[in-house]
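The values are calculated or read from the model by the stated rules, or taken from the named source; none is laboratory data. Treat the numbers as computed from the prediction; the structure is a model and nothing was measured. Positions of Cβ are backbone-derived with ideal geometry, glycine not excepted, and every protein chain shown enters the neighbour counts. Accessible surface areas use protein heavy atoms only, side chains included; no ligands, DNA or RNA. Shrake-Rupley method; radii C 1.70, N 1.55, O 1.52, S 1.80 Å.
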Amino acid sequence: MMEYSESDIKLISGDQLHEANYQKVIAAFNDLSTMFGKEWVEKEITVVTFTDQNIISALGHNKIYGGITAVEKLFFLWDDIQLIKNLSGFFDISRKLKNGICSNNVDLEVSVVSDLIRCGCEVELEPTNGHGGGKADCKFKLPGENSWVYVEISRKMAATTQEKLDSLGKNLAKLAAHIVPGRRGVVVLKKEFEEPQYAAIEAWLKELKCDAKFNDLAVFFTVSQGEDESQKVFEHIESHISVKQYANLNVFGSAYLHIPDYGAEKKINEKIQQLPVSEKGILIVDLSIIAGGINDWARQIVIDGLLEKCGAILLLADTAGSDGVSRKVEIILNPTLPNKLSEHDLKVLNEFSEIRKNKNLMHPFES
């Protein structure tokens, strides 16, 4: 039974897919519906469901979907499944997926394993790591290679940093919203800040009446409602920053700021224990939830400390933007490790990085 048509996919994606990709996405969504049920698919792509008939009549449907980001999430999951469904251990992955795409980070595990296969590697799921009954997430090698590389896969989840961003950012956005009536107020914090500096910026905004700069810490400007503010924002900062927004009737504000995440050492020390001591191993960590997380973590990783038992750490970050989802991979190598990675292993990691970068449904995509 065909659950999804082209018109359905256009609605869900906001009609943002490249025309060459629609039939592939339709096939993927219908196959996923067969595997896990349409209700499962709808849950993964729906932002909000309405029951108010007035809202439904105005919209013409009862749901707001996650757009191109949600479509890419499910399509690339399906595309990955085609590569790993015959691996020993896929039954356990399928069981986790039925509980939700992010259950136990199973979507990340599927993504990493399938991309290693795309690199031409042999892959085994959940190999024993030599620590009692412990297991790594997978291991890989190129055909003809004698030694395996063990892989531990993890994801940084929302924590104190995110809570602080929400609280401080939304407060600044609210203050910015009320400065110039009828205009969207935008405040941009140009650098990392301490508590006294935040308090000074907060006090400055409370007294402000027009566009202004506050020392080298912050800038405030307004744009008309509906105008794209991003170009002006990036005149003052680089990327890797969070945005928090405030809206109340006809009052709108945005705050752009960055609070660094210092969780690298604890997370890496925790996960690195799953790698074998006497074999080659790497750690892969998804930092997509943290704006600027790759830069924050890369500054904290010390070769002689955190990488003591690990040949490389790969930091991943997927960021949604106007051109779909962009995917970045930072590879941090440990050349001093006795069981260091071979040239063939390094070639795999570099190819892995390129494969991830090229996943985008707003352009023609070939599996």
Item to complete: At q = 0.09, 0.13, 0.15 Å⁻¹, what is the base-10 log of I(q)/I(0) for the chain according to the Debye formula with one equal point scatterer per Cα and no solvent? Please give it to two decimals.
Response: -0.62, -1.15, -1.33
Worksheet entry | Helix 195-207 axis, angle to the chain major axis (alpha carbon atoms, nearest 10°) | 30
Worksheet entry | segment 105-193: GluC sites (Glu not before Pro) in DSSP loop, at most 14 other beta carbons within 10 Å | Glu192
Item to complete: At a 1.4 Å probe radius, which order do Leu108, Leu249 fall into by accessible area, largest first?
Response: Leu249, Leu108
Item to complete: With a 1.4 Å probe and every protein chain left in place, tell me how much accessible area Ser288 has, in Å² to the nearest 10.
Response: 50
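Kindly provide the GluC sites (Glu not before Pro) of segment 1-108 that DSSP labels as loop, not H, G, I, E or B, and whose Cβ sees at most 16 other Cβ atoms within 10 Å. All intermediate terms of the calculation are to be shown ahead of the outcome.
On the way: sites: Glu3, Glu6, Glu19, Glu39, Glu42, Glu44, Glu72; in loops: Glu3.
Passing sites in segment 1-108 are Glu3.
Select from segment 27-101 those trypsin sites (Lys or Arg not before Pro) which occupy a DSSP coil region and have at most 16 other Cβ atoms within 10 Å, ordered by residue number.
Working: sites: Lys38, Lys43, Lys63, Lys73, Lys85, Arg95, Lys96, Lys98; in loops: Lys85.
Filter output for segment 27-101: Lys85.
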Worksheet item: Counting each DSSP H run of 4 or more residues in the chain as -39500 (n - 2.57), what helix-only mean residue ellipticity at 222 nm follows after dividing by all residues, to the nearest 500 deg cm²/dmol?
Response: -12000 deg cm²/dmol
Worksheet entry | Heavy-atom accessible area order for Thr161, Thr336, largest first, 1.4 Å probe | Thr336, Thr161
Worksheet item: Carbon and sulfur together cover what percent of the accessible area of the chain at a 1.4 Å probe radius?
Response: 49
Worksheet item: Between segment 90-113 and segment 135-177, what's the alpha-carbon centroid distance in Å?
Response: 16
Worksheet item: For segment 28-173, what is the accessible area per residue in Å², given a 1.4 Å probe and the full set of protein chains?
Response: 46
Worksheet item: Hey, if you put +1 on the Cβ of every Lys and Arg and -1 on every Asp and Glu Cβ in the chain, which of His363, Leu165, Gln274 ends up farthest toward the positive end of that dipole?
Response: Leu165
Worksheet item: Which of Asn54, Phe90, Ile64 sits closest to the plus end of the dipole of segment 44-99, meaning its Cα is farthest towards the positive end, when Lys and Arg get +1 and Asp and Glu get -1 on the C-beta?
Response: Phe90
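How high is the relative contact order of the chain, given as a whole-number percent (alpha carbon pairs under 8 Å, six or more residues apart)? If you can, show how the numbers build up before the last one.
Numbers: 617 pairs, mean separation 57.3, N = 367.
It comes to 16 percent, rounded to a whole number.
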Item to complete: For segment 313-367 and segment 10-64, write down the distance between their C-alpha centroids in whole Å.
Response: 29
